[in-house]
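Please read the structure below before turning to the comments.
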Amino acid sequence: LLGDRIRMNSVYSDNIYLHSLATRGEKGGISDALGDTLFVLKEAGFDLILVETSGTGQSDSEIVSFCDFTIYVMTSDFGAPSQLEKIEMLEHANMVVINKFDRKGSSDAQREVRKQYQRNQNLFELPLTEMPVFGTIASSFNDPGVNLFYENLVLMLKEKNNFNLNFLENESLTAKEPASSSLIPAS
C-alpha cells in the first residue's frame with residue numbers, strides 16, 4: 001500500500017482523512033507544515049495518524065520527533081553490512097521492513113539488518129530471529145511476509161500505545177516468512 005493520493009483516491013470515509021504535504025526539498029523528507037498538521041488532526045479526534053515521509057537518507061531521522069512509533073522501510077540493496085552503521089533510522093525505528101524480499105540476497109540482508117538492529121538497540125539477550133525486522137514482497141498478493149509484518153504491527157501498537165485494535169482478535173492469518181511465489185507460476 002503506497003499512501004499517496006493517486007493510489008488512495010477511492011478511500012472515502014468520515015473516519016479517514018488523507019492528505020499529502022509538499023516537502024519542497026526539506027531535510028528529512030518531511031514538510032515544514034507537518035507539526036501543525038498533526039496538531040490539527042489530533043484536535044479533530046483522529047486517534048491513529050500515519051505519516052509517510054518521502055524517504056530518508058542515511059542521517060535523516062527528523063520524523064522521530066513527530067511520531068510515537070516509527071517503521072523504517074528499505075530494500076536489501078544497502079551494499080556492504082558496514083553501510084548499515086550509517087543508517088540512523090535503524091537506531092530509532094520500532095520496526096524495520098525489507099521490501100522486495102524476492103530479490104537475490106534478501107535473506108542475507110535481513111540477517112545483517114537484524115544484527116545491526118540488535119546492536120543499536122542493545123538487545124543482545126534476544127535471539128536475532130526476534131528482532132522486529134520483516135521481509136516482505138508487497139507486490140505479491142497475500143504475501144506471508146506482509147501478513148507477518150501486519151500482525152506484529154498491530155500487536156506492537158496495542159502493546160506500546162494502548163490502541164483498541166480488537167478487530168484483529170477474530171483474524172487468523174497464517175503469518176510466516178515470505179517466499180517468492182506467484183498465483184500463476186511462470187512455467
>> Among the numbered criteria (1) surrounded by fewer than 19 Cβ atoms within 10 Å (Cβ to Cβ); (2) among the hydroxyl-bearing types (Ser, Thr, Tyr); (3) under 15 Å from the mean Cα position of the chain (by Cα), which one does residue 76 miss?
In response: (1)
> Among the residues of the stretch 21-46 satisfying the criterion of being loosely packed, with under 13 Cβ neighbours inside 10 Å and in contact with a helix residue (DSSP H, G or I) (Cβ under 9 Å, 6 or more places away or on another chain), which is modelled with the highest pLDDT?
Replying inline: 35
> Which one of these does residue 151 not meet: (1) surrounded by 14 or more Cβ atoms within 10 Å (Cβ to Cβ); (2) under 17 Å from residue 50 (Cβ atoms); (3) in contact (Cβ under 8 Å) with a residue 12 or more places away in the chain?
Replying inline: (2)
> Can you spot a residue in the stretch 10-20 that is open to solvent by less than 70 Å² (accessible area, probe 1.4 Å), of a type in the set (S, T, N, Q), at pLDDT below 80 and in a loop (DSSP other than H, G, I, E, B)?
Replying inline: yes
> Residues in the stretch 129-146 that are open to solvent by 50 Å² or more (accessible area, probe 1.4 Å) and touching a helix residue (DSSP H, G or I) at 6+ places or on another chain (Cβ under 7 Å): how many?
Replying inline: 1
> Looking at (1) open to solvent by 40 Å² or more (accessible area, probe 1.4 Å); (2) without any contact (Cβ under 8 Å) to a residue 60 or more places away in the chain, which is the one condition that is false for residue 160?
Replying inline: (2)
>> Show me the helices (runs of 4 or more DSSP H) entirely contained within the stretch 25-137 in which 2 or more residues are within 29 Å of residue 13 (Cα to Cα).
In response: 34-43
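The values are calculated or read from the model by the stated rules, or taken from the named source; none is laboratory data. These figures come from a predicted structure and were not determined experimentally. Cβ sites come from the backbone with ideal geometry, for glycine too, and all protein chains shown count toward neighbours. The area values use the complete protein model at the heavy-atom level, side chains included, leaving out ligands, DNA and RNA. Shrake-Rupley method; radii C 1.70, N 1.55, O 1.52, S 1.80 Å.
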